[in-house]
Amino acid sequence: MKIMHIDSSAKIAEKSSSRMLGKFFLEQLKEQGVDIEIDYLDLTKDIQPHLTPEFVVATYKPENERTPEMKKALMASDAMCQRVIHADALVCAMPMYNWTIPSTFKTFIDTIIRTGVTYDLFPDGTTKGKLTNKKVLFITTRGADLRSGVFEHMDAMTPVLKASFGFLGVNNPEFVNAQPLQFSDQESRQQALARAKEDLTTVAKQWSETV
Ligand SMILES: Cc1cc2nc3c(=O)[nH]c(=O)nc-3n(C[C@H](O)[C@H](O)[C@H](O)COP(=O)(O)O)c2cc1C
């Protein structure tokens, strides 16, 4: 199974819960006997650029009408789209920052949503995502506990991930949300990590049965 493994925590590996949980999941897959090949992307080191005027013009021009400059503006995005397309599965680990996804993951989304490459746009205005055959797992880590209580309505990361990947044809992504990892006592943090590991082990088993 070719897996694109994506990290986006601003913390270094030894201190990051999302990085640790992503690694844990891949180890569980191996333990389940899945033969995995990893394409690793650290979005804090390989930061995808914000959209530019050149990119916006080029992306909506039909391929055969693009100038060399337009092709150049899309080159990095073309390459990233191919990495995504070639993966059987995406494992995306990320912390919640200010109630939503890290901005580095947002520019990654902007980089891989491409007409004619990762989704089709038809003359009648309808669209169809092309990533329908991929398994996608989002591992999110949160300082607060958004499962209930005062922060319950504050989750602005799940909707954006579901919408953008759903648009690309990923209809049933898996979510494992580890929470609370910061705004709580030590015992609750340990329990949150244990719950997340249990859920990741379950997802690894499910994936191993459908490879
Ligand atoms: C800049 C910053 C903003 C954060 N914003 C939120 C937030 O809005 N809600 C929340 O529950 N936790 C928030 N947190 C806490 C992190 O989501 C939490 O500590 C998470 O476990 C970090 O994952 P990591 O260890 O992989 O970096 C924030 C942390 C940082 C550094």
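The values are calculated or read from the model by the stated rules, or taken from the named source; none is laboratory data. Computed from a predicted model, the values in this text were never measured in an experiment. Every residue, glycine among them, receives a Cβ derived from its backbone with ideal geometry; neighbour counts consider all protein chains shown. Please note that ligands, DNA and RNA were not included when accessible areas were found on the heavy atoms of the full protein model with its side chains. Shrake-Rupley method; radii C 1.70, N 1.55, O 1.52, S 1.80 Å.
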Could you check how much of the accessible area of the chain is carbon and sulfur, as a whole percent, using a 1.4 Å probe?
53
Degrees, to the nearest 10: 17-31 long Cα axis against longest axis of the chain
90
Long-range HN-HN contacts of residue 174 with modeled amide H, under 5 Å:
136, 137, 138
Phi-derived 3J(HN,Hα) across the stretch 81-94 with the Karplus relation (6.51, -1.76, 1.60, θ = phi - 60°), rounded Hz, x for Gly and Pro, is 4, 5, 4, 5, 4, 6, 7, 7, 8, 10, 10, 10, 9, 7
Average projected area of the Cα convex hull of the stretch 2-209, in nm²?
12.9
Quick check on my link table: of 61/106; 45/205; 23/135; 30/130; 11/106; 11/130, which ones sit more than 25 Å apart, alpha carbon to alpha carbon?
45/205; 30/130; 11/130
Under 17 Å Cα to Cα from residue 128, which lysines show up? Leave out anything in the same chain fewer than 8 places away.
162
Could you work out which residue, out of 55, 25, 165, moves most in a Gaussian network model of the chain, that is, has the largest mean-square fluctuation with Cα springs under 10 Å?
55
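About its Cα centre, what dipole magnitude does the stretch 2-209 give when the only charges are +1 on Lys and Arg Cβ and -1 on Asp and Glu Cβ, stated in debye to the nearest 20?
On the way: 25 positive and 27 negative charges, 31 e Å.
Here the size comes out at about 140 debye.
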Sequence-distant or interchain residues sharing an amide H contact under 5 Å with residue 39, placed H: which?
3, 4, 5
Just 181, 51, 43 to compare: in a GNM of the chain, with alpha carbon springs under 10 Å, which one fluctuates most?
51
Calculated from backbone phi, Karplus (6.51, -1.76, 1.60) coupling profile of the stretch 99-113 in Hz, x at Gly/Pro:
6, 9, 6, x, 4, 5, 6, 5, 5, 5, 4, 4, 6, 9, 8
For the chain, take the longest principal axis of its alpha carbons; what is the angle in degrees between that and the long axis of helix 158-167, to the nearest 10 within 0 to 90?
40
Rounded to whole Hz and in sequence order, give me ³J(HN,Hα) for the stretch 68-78 from the Karplus expression 6.51 cos²θ - 1.76 cosθ + 1.60, θ = phi - 60°, writing x for Gly and Pro.
x, 5, 5, 4, 5, 5, 9, 4, 5, 5, 3
Using +1 at the Cβ of each Lys and Arg and -1 at the Cβ of each Asp and Glu in the chain, identify which of 211, 3, 104 lies farthest towards the dipole's positive end.
104
Extension reserve of the residue 32-residue 14 stretch, reckoned as 0.36 nm per residue once the Cα distance is removed:
4.0 nm
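Per residue, how much accessible area does the chain show when a 1.4 Å probe rolls over the protein heavy atoms, in square angstrom?
On the way: 11270 Å² over 211 residues.
Dividing the accessible area of the chain by its residue count gives 53 Å².
Taking the Cβ of residue 156 as the centre, find all other residues whose Cβ is under 13 Å away and add up their charges (Lys, Arg: +1; Asp, Glu: -1).
Neighbourhood net charge equals +1.
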Mean separation of Cα contacts under 8 Å (at least 6 apart) over the residue count of the chain, i.e. the relative contact order in percent, is 24
Which of 116, 149, 129 ends up with the largest GNM mean-square fluctuation for the chain, with Cα atoms connected below 10 Å?
149
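First measure r as the distance between the Cβ atoms of residue 54 and residue 160, then evaluate 1/(1 + (r/R0)^6) with R0 = 30 Å and state the FRET efficiency to the nearest 0.05. Mind dumping the intermediate values first?
Values: r = 25 Å, r/R0 = 0.84.
The formula returns an efficiency of 0.75 here.
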